[in-house]
Every structure is written in C-alpha cells, then in structure tokens.
1. Scanning segment 427-454 for residues that are among the acidic types (Asp, Glu) and touching a helix residue (DSSP H, G or I) at 6+ places or on another chain (Cβ under 7 Å), which turns out farthest from residue 364 (Cα to Cα)?
2. Hey, among the residues in segment 78-98 that are in a helix (DSSP H, G or I), among the charged types (D, E, K, R) and within 16 Å of the ligand (Cβ to nearest atom), which one's surrounded by the most Cβ atoms within 10 Å (Cβ to Cβ)?
3. Can you pull out every residue in segment 185-199 that is in contact with a Gly (Cβ under 9 Å, 6 or more places away or on another chain) and surrounded by fewer than 22 Cβ atoms within 10 Å (Cβ to Cβ)?
4. Name the single residue, out of those in segment 1-51 being basic (Lys, Arg) and farther than 18 Å from residue 205 by Cα, that is farthest from the ligand (Cβ to nearest atom).
5. Considering only residues that are free of Cβ contacts under 8 Å to residues at least 24 places away in the same chain and not β-branched (Val, Ile, Thr), which ones fall in segment 262-275?
6. Can you find even one residue in segment 314-332 that is loosely packed, with under 15 Cβ neighbours inside 10 Å, among the aliphatic types (A, V, I, L, M) and assigned to a helix (DSSP H, G or I)?
7. Go through segment 104-138 and give me each residue that's within 16 Å of the ligand (Cβ to nearest atom), in a helix (DSSP H, G or I) and aliphatic (A, V, I, L, M).
8. Does any residue of segment 337-354 turn out to be assigned to a helix (DSSP H, G or I), within 30 Å of residue 238 (Cα to Cα), more than 16 Å from the ligand (Cβ to nearest atom) and among the charged types (D, E, K, R)?
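The values are calculated or read from the model by the stated rules, or taken from the named source; none is laboratory data. Just so it is clear, the model here is predicted, and its values are computed rather than measured. Neighbour counts run over all protein chains shown; Cβ positions are idealised from the backbone, glycine included.
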Amino acid sequence: GEKGLWGARFATGPAEAMAALSKSTHFDFRLAPHDLAGSRAHARVLHGAGLLDEATLQALLAGLDALEADVLSGAFVPAPEDEDVHSALERALVERVGADVGGRLRAGRSRNDQIATLLRMFLREHARIVAGLVLDVVEALLTQAAAHPTAAMPGRTHLQHAQPVLLGHHLMAHAWPLLRDVERLRDWDARAAVSPYGSGALAGSSLGLDPVAVAHELGFTRSVENSIDGTAARDVAAEFAFVAAMIGVDLSRISEEVIAWATKEFSFVTLDDAWSTGSSIMPQKKNPDVAELARGKAGRLIGDLTGLLATLKGLPLAYNRDLQEDKEPVFDAVDTLELLLPAVAGMVATLHFHTDRMASLAPQGFALATDVAEWLVRQGVPFREAHRVSGACVRRCEERSAQEDRSVELWDLTVEDLAGISPHLTPEVKDVLSTEGSLSSRDGIGGTAPVRVAEQLEAAQDALAGH
Ligand code: ARG
C-alpha cells in the first residue's frame, strides 16, 4: 500500500541503506514539542482560511494535545520506519484521529518551512538558557572580584611581568567579554525572531493562510519577507554557532589561566576539591580538569561552527537535503555549553586565591619600570628620554644582580645608582616604587587604581542585574 508522505508516486519503498541515510529521528525528535506547537498554529490558520470546519479543528487540536502528552511522557517514540520528526508525528496523528481529519493538516505547509521554523524555536529557547548560564559565570567572577578588593597580582603581556594590576581588574577582564556574549545572544534573537512558517516548500502558499498569525502564536515577532530565504537560509544557525564558539573561546581563555595559576610554579590558586580530580597512581595530584575540559570543548564548539559553515557553502537556493546537516552542530553546541557552563561557574566561584604570593610577585621582574618613566614625565622629562633612563635603571639592576648573585629590583637601587644614571633621578622617585603607588596612580577611566576598579565592579554588577 501507499506509505509515508509521498507513497502514491512511488512503486516501491526506499532501499534499506537509503532509508538509513535519510533518517533523522535519532537527533531531530527533540524538536517534537516545537513541531506540535507549529501544527496547532497551522491548524488554526487553516481554520481561519475556511479550510477546516470547527469540529475538524477541535478534533485536530485534541489529537495534537494527546500526542504531545504521549511525547512528553515517553509513551510515543518514533518507529524505525519514521524518517524524521515531522513524518513520525504526522503518522501518529493520523493513527489517532483518522486520515480524514489528520490528513488535512499537511495542506499549505512543507517540511521545509516546518524545519526552518522549528530550529529557530529550539535555538531561541536555548539561547535564553545559555545566556542565564553565562551570567552565572559572570556572577562568580564578580563575586571573586568583590571578595578581593585590594589584592594585587602581576599583570602580564607576552606572559612576562608587565605592570601590577588588581586581581579584581583581571577577573573583570574575563567578565566583560562574557557580558558581551550575552548581548550577542540578545542581538541574535532579534534576527531569529522571524518565522519561516508559510513559506511552504519554497514558493509560499496558494491557500490564503496567515503566516503572521502562525508567527505570533509561536512567539515570533513577524514572518519572513521571502519564502525562498525562509526555507533556504541558515545564517541564523551559523550566527548562533558563532556565539556559542565565542563563549567557548572566552571560557577557554579563563581556563588556560586557571591551569597555569594552579601549577606549583605559579601557586596563585588552589582548586576546590569538588571542582578538581585526583590521579589513580599519583596520590598527591589535584588536576584542573574542569578548566582542561573547557579548553578542549572550545575546540569542539569551533568545529560545530566550521562544520556548519562548510555545509552551507555553495548550496544553491532553495532547500537542499544537505540542510538536514544543520541541526547536529547547533544541538551539540547547546548541549556542550549547557554541560560546561555550570562546571566553569562552580570552579570559578570556589577558587582559593593565594593573595600574599600574588602580591609579592606583582612588582617583581621590573614591573615598576613604567612607573619610573611616568614619574620622570611628571617632572618634565620627555617620554623618550624617560623611557631610556628607566631602561638604564633596569640594566643597572641586572648588572648588580649578576655581581651580587641575588635578585636586585628597582627599589634596591641606591641614591648613588640613581644619580649615576640621570640627574633627574632624585631620591623622591622611590615614592612610586611600590605596588600600591603604581596601582593607585593608574586612576584614569578603565585603569587598575582601586578607586576605578570599585566603580567598574558596580558597573559590571549593574550590567549583570540588567540582564
Ligand atoms: N528532515 C529534513 C531536514 O532536517 C526536513 C525535511 C525536508 N526534506 C525534504 N526532503 N524536503 O532538513
């Protein structure tokens, strides 16, 4: 007998390998609640267009509700011969309400506009969940910043000691990118909030349906301007995958630092037992696995994005079956982030910072050389000359370090050392040769002075509360 959605034109069913290749229920059935919501909305516009009488509409809606209950309870699962979520649910509906009722629902829609709509619904729902989880990481960073208002650490460029910074300043430098990622998800949602339902296979519908009514019922702000675009475009999925990859990269950059900070050599942090792992052979080990998995999963998220872009490249308009490959990358991105973000939040929230060690290292490695140069500028010396003089101070420290076989830092230079380098280097320069002096002098907007960092924390907390 005739089977499936196109049986009449075919003498035989699909070959086994053809059906196996074609099948997507094992990953797309998670869209079932969205498919059923779309079907309810579609039934109503068919009724609104005079194509379903009231009794048929009510029978369809009751059948869809009952099917939804069975989907949610697990009582209904796709059969092996169902190709995709749409065909599985349509088969189940027809079985429940009969072909004369259930068979009317396919009018004026195609799986092409259905899947494009469902994917947007799914991603919009999960964009909100992911944004909330990103904000939990931001909150953990800000709580740590607030708990250490005066802690200093070595600020680095090229991984070398550069200038002292406040720990809170550094932690918030990880929070702001994550806040921007949340903004990116919001901006993305404005573009995702447009419904392709009503585009049909590619050319729209002749049945006088109301795509805007469907759009509104499904939580979209409007429907697409172009039915070809509506069924063939996947930039909305690619953009989502980009933001997901960006979140992964931002988490990976935090994680790389945590991994370094937890080494014996840095000894900046101790990881909480609940957020680290041991070794089966080395009893002393405490490993930063959350951070390492975050770093690893960032690669996976980048792969999701590049795989999807590779699928889209070169596809002619309109729908092509290649587009069935759009779902697994974004599903994987969602699942990865929803697994990863709570663990990163927990790891960050429970980091124990060794602030004494960080503070003692903060000014070392000549990290106050810029302070010497800027002190000279304030005395009226041109910066190029000030830079040269300060560099000569560092050189003098290195000479003495070699002679004396110990580490001689800038604050160890004598009045004679300084006078020998430049007449501008009066003993008062020693006033800026402290971490506290260096930090508090950087009091321009966005700087690391404690007064500025306190303001910044308030701004970040406001941004967090505003989301
Ligand atoms: N399962 C398909 C997809 O995920 C949707 C169905 C469209 N199939 C088709 N042969 N036109 O893209």
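1. Filtering segment 427-454 for residues among the acidic types (Asp, Glu) gives 428, 431, 436, 443.
Subsequent filtering for residues that are touching a helix residue (DSSP H, G or I) at 6+ places or on another chain (Cβ under 7 Å) retains 431, 443.
Working: 431: 16, 443: 21 Å.
In this case the residue turns out to be 443.
2. Pass one, segment 78-98, residues in a helix (DSSP H, G or I): 85-97.
From what is left, the residues that are among the charged types (D, E, K, R) are 90-91, 95-96.
Now drop any that are not within 16 Å of the ligand (Cβ to nearest atom), which leaves 90-91.
On the way: 90: 22, 91: 19.
Within segment 78-98, the match that is surrounded by the most Cβ atoms within 10 Å (Cβ to Cβ) is 90.
3. Of all residues in segment 185-199, those in contact with a Gly (Cβ under 9 Å, 6 or more places away or on another chain) come to 193-199.
Passing the criteria: 193, 194.
4. 3
5. Keep residues of segment 262-275 that are free of Cβ contacts under 8 Å to residues at least 24 places away in the same chain, which gives 263-266, 273.
Result: 264, 265, 266, 273.
6. no
7. Just the residues of segment 104-138 that are within 16 Å of the ligand (Cβ to nearest atom), to begin with: 105-106, 108-123.
Restricting the remaining residues to those that are in a helix (DSSP H, G or I) gives 111-123.
Scanning segment 104-138 gives 115, 116, 118, 119, 121, 123.
8. To start, the set of residues in segment 337-354 that are assigned to a helix (DSSP H, G or I) comprises 337-349.
Now drop any that are not within 30 Å of residue 238 (Cα to Cα), which leaves 337-348.
When the remaining residues are screened for being more than 16 Å from the ligand (Cβ to nearest atom), the result is 337-348.
With the extra rule that they be among the charged types (D, E, K, R), the set shrinks to 338.
Yes, segment 337-354 contains a residue that is assigned to a helix (DSSP H, G or I), within 30 Å of residue 238 (Cα to Cα), more than 16 Å from the ligand (Cβ to nearest atom) and among the charged types (D, E, K, R).
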